[in-house]
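Heads up, the thing below is written out as structure tokens.
The values are calculated or read from the model by the stated rules, or taken from the named source; none is laboratory data. As the structure is a prediction and not an experimental result, all values here were calculated from the model. All Cβ positions, even for glycine, are placed from backbone atoms using ideal geometry, and neighbour counts span all protein chains on display. Please note that ligands, DNA and RNA were not included when accessible areas were found on the heavy atoms of the full protein model with its side chains. Shrake-Rupley method; radii C 1.70, N 1.55, O 1.52, S 1.80 Å.
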Amino acid sequence: AAEPVGPKLTPKLKGLIVQEMQLVLQAMTEIHTAIVTGEHETVATQATKIHDSFIMKQSLTEQDRQDLMNAVPPAFVALDSELHQKAARLAHVAEQKDSELEAVFFAKMTEACVECHATYATDRFPSLSAGAAQEH
């Protein structure tokens, strides 16, 4: 398992990631409810919010970017990017009113969250293990 990245982040970066994770959690909760109630527009709106919250798209200074790249391995950035790309796909299928694919992409997003937390946030989520996340 990789080392937790939180302790390696500057206070500013840690704050940005916490903000992003809170937005993702709130949006995922709303998406779940919207999927099971057929509210495709809400799914699309919330998935777009997740896509747009990508930390690499934030207004980071060059020093912030360098600090981030020094604190996190490339695999962390790839997992985060993957989550946001899946959110974009979820928004697209929601616009098509495809409930079945909405559920599929929501599940894939959930798996990405678990994998990242199990690998890079074990200090915050000790009950997750990298092995359990990779089984999916």
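Here are the numbers:
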quantity: All lysines inside 20 Å of K49 as judged from Cα atoms, apart from same-chain residues fewer than 8 positions distant; calculated: K14, K57, K86, K97, K108
quantity: Relative contact order (percent, whole number), the chain, Cα cutoff 8 Å, 6+ residue spacing; calculated: 31
quantity: Calculated Rg and Dmax of the chain using C-alpha coordinates, Å; calculated: 15.2, 44
quantity: Of H51, A103, I17, farthest towards positive along the dipole that unit charges on Lys, Arg, Asp, Glu beta carbons give the chain; calculated: I17
quantity: Unit charges on C-beta of K, R, D, E only; dipole of the stretch 78-126, Debye; calculated: 40
quantity: Accessible surface ranking that places the most exposed of R124, R65 first, with a 1.4 angstrom probe; calculated: R124, R65
quantity: Qualifying chymotrypsin sites (Phe, Trp or Tyr not before Pro) for the stretch 79-120 [loop in DSSP, other Cβ within 10 Å: at most 12]; calculated: none
quantity: Fraction of accessible area attributable to carbon and sulfur, the stretch 16-88 (%, probe 1.4 Å); calculated: 56
quantity: Residues of the chain: accessible area per residue with a 1.4 Å probe, Å²; calculated: 57
